[in-house]
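A short write-up of the structure that comes next.
Coordinate-derived values only; no laboratory data. Since this is a predicted model, take the numbers as computed values, not measurements. So basically every Cβ, Gly included, is an ideal-geometry build from the backbone, and we count neighbours across all protein chains shown.
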Amino acid sequence: MKYYFFILFALFIFYNNINAQDIRIGSSLDNRYNPSGGFYDYSDPRYVNIMVNIWGYVRFPGKYYVPENSKVLDLLSYAGGPTPDAFLNDIRLYRGTTNNEGLIKILDFNDLMNKENPNIKNLDIPLLLPGDVILVPGEPKLYFRDYVAIYTSITSVLISLAILILNIAK
């Protein structure tokens with residue numbers, strides 16, 4: 001009787017392992033996750049394509065192949081947009097020149113994101129050139145729950161130390 005139970009249990013485990021590979025809960029990650037790291041290809045075969053980089057506080061930083069007539073806003077959109085921690089008034093465009101000097105242009109998209117009716121025509125949005133690097137600076141913001149977690153952990157460490165000292169003193 002024990003052997004029958006063992007065989008049934010083994011068949012049950014084996015059967016579940018075979019079918020578990022065919023079942024996936026939720027949607028496929030193939031459309032949202034790029035396993036090659038920070039390389040994204042938005043190239044268009046009808047145009048000349050260039051390679052540019054975007055770093056910092058964007059959703060998907062990395063190396064991008066984009067059409068030649070793309071602007072900085074297009075690259076920000078391809079990168080998933082800025083995160084809530086990004087400083088939109090200090091976006092930097094680094095562009096190499098022929099004598100190996102870097103040209104820095106500081107862009108301010110704060111009005112574009114925060115105004116109710118932004119005037120895009122007045123913004124000077126530069127076209128991207130091959131080898132451009134966009135840096136979106138920022139700093140992580142702490143919310144109320146983060147402060148509660150910090151204070152709770154510090155308080156628990158202090159209470160634990162006090163209990164340890166009282167136990168050693170006895």
(request) Read phi for every residue in the range 52-64 and hand back ³J(HN,Hα) as whole Hz from Karplus 6.51 cos²θ - 1.76 cosθ + 1.60, θ = phi - 60°, with x for Gly and Pro. (result) 9, 10, 9, 10, x, 8, 10, 5, 10, x, x, 9, 10
(request) Work out the count of Lys pairs in the range 35-136 where the Cα-Cα distance is under 20 Å, with the pair 8 or more places apart or on different chains. (result) 5
(message) Ratio of alpha-carbon Rg to the 2.2 N^0.38 Å globular estimate for the range 60-170, to two decimals, please.
(response) 1.75
(request) In nm, give the distance between the simple-model label positions of L161 and N110, each being 7 Å from the Cα along the Cα-to-Cβ direction. (result) 4.0 nm
